[in-house]
Amino acid sequence: MLESAKLHENFVQVARKRIEEMIRDTDKAIAQMEDNALFWTPNEHSNSVAIIIKHLSGNLISRWTDFLTTDGEKHDRDRDGEFENTIKSREELLRVWETGCKLFLQAIDSIEEQHLLQTIYIRNEPHTVMEAVFRSITHFTYHVGQIVFIAKQLTPENEWATLSIPKKKK
């Protein structure tokens, strides 16, 4: 059985590693996309990569700013505005992405042993810090999957560089 300090250290290391992997996959997918593809949607009910990034970053900023002392749904968050296409360039998109990711990683790094089972709130619902981390990683993973799927669909097959282990060629 892991002692408490080792459990904490392992939890933070594993959470950080998984988050960094998702960030890398997203970065690699975005790098393979043409600028105009970042803003493409198949229909009016779908989100572009730019909108998904804007939403994900807004969510991370809201959840992980002062997470030990304030509700994860900040009063100044404009969630509906996250789904409006206001990002105008790849550079702006990457700045928005970096801001949310950097804050999330800083929050993960700030978690101390006594915080793991501390109760915090998201939308007035109690969560342990561990549960809140899992909740954010799950949300993060969901949207990274969407981004990678869109990127693969919009990048010519002969130009797509796989983000994981490539299929064996026959």
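The values are calculated or read from the model by the stated rules, or taken from the named source; none is laboratory data. All values reported here derive from a predicted model rather than from experimental measurement. Neighbour counts are summed over all protein chains in view; Cβ atoms, including those assigned to glycine, are modelled from backbone coordinates with ideal geometry. The accessibility values were calculated without ligands, DNA or RNA, using every heavy atom of the protein model including side chains. Shrake-Rupley method; radii C 1.70, N 1.55, O 1.52, S 1.80 Å.
Which one of these does residue 94 not meet: (1) in contact (Cβ under 8 Å) with a residue 24 or more places away in the chain; (2) over 14 Å from the mean Cα position of the chain (by Cα)?
Here residue 94 clears every test but (2).
Specify which of the listed residues (85, 47) is closer than 20 Å to residue 139 by Cβ and in a loop (DSSP other than H, G, I, E, B).
Being closer than 20 Å to residue 139 by Cβ and in a loop (DSSP other than H, G, I, E, B) holds for just one of 85, 47, which is 47.
Which is within 16 Å of residue 147 (Cα to Cα), modelled with pLDDT of 95 or more and part of a helix (DSSP H, G or I), of 56, 60, 105?
56
Can you tell me which residue in segment 68-81 is farthest from residue 131 (Cα to Cα), limited to those that are open to solvent by 40 Å² or more (accessible area, probe 1.4 Å) and touching a helix residue (DSSP H, G or I) at 6+ places or on another chain (Cβ under 8 Å)?
Step by step, filter segment 68-81, then rank; the result is 78.
For segment 107-132, enumerate the residues that are under 18 Å from residue 73 (Cα atoms) and out of contact with any Leu (no Cβ under 9 Å at 6 or more places or on another chain).
Result: 108, 119, 121, 122, 123, 124, 125, 126, 127, 131, 132.
Keeping to segment 108-123, report how many residues are open to solvent by 70 Å² or more (accessible area, probe 1.4 Å) and in a helix (DSSP H, G or I).
The qualifying residues number 3.
From 138, 65, 128, which residue is open to solvent by 80 Å² or more (accessible area, probe 1.4 Å) and closer than 25 Å to residue 16 by Cα?
138
Kindly provide the set of residues from segment 1-32 that are in contact with a Ser or Thr (Cβ under 9 Å, 6 or more places away or on another chain), farther than 30 Å from residue 114 by Cβ and either of a type in the set (Phe, Trp, Tyr) or open to solvent by less than 10 Å² (accessible area, probe 1.4 Å) (or both), ordered by number.
Within segment 1-32, just 29 meets the criteria.
Identify, please: which residue in segment 141-160 is farther than 17 Å from residue 38 by Cα and at pLDDT 90 or above and is, among those, surrounded by the fewest Cβ atoms within 10 Å (Cβ to Cβ)?
Filtering first and then ranking leaves 142.
Give the residues of segment 63-72 that are part of a helix (DSSP H, G or I) and out of contact with any Asp or Glu (no Cβ under 9 Å at 6 or more places or on another chain), sorted by residue number.
Selection gives 64 alone.
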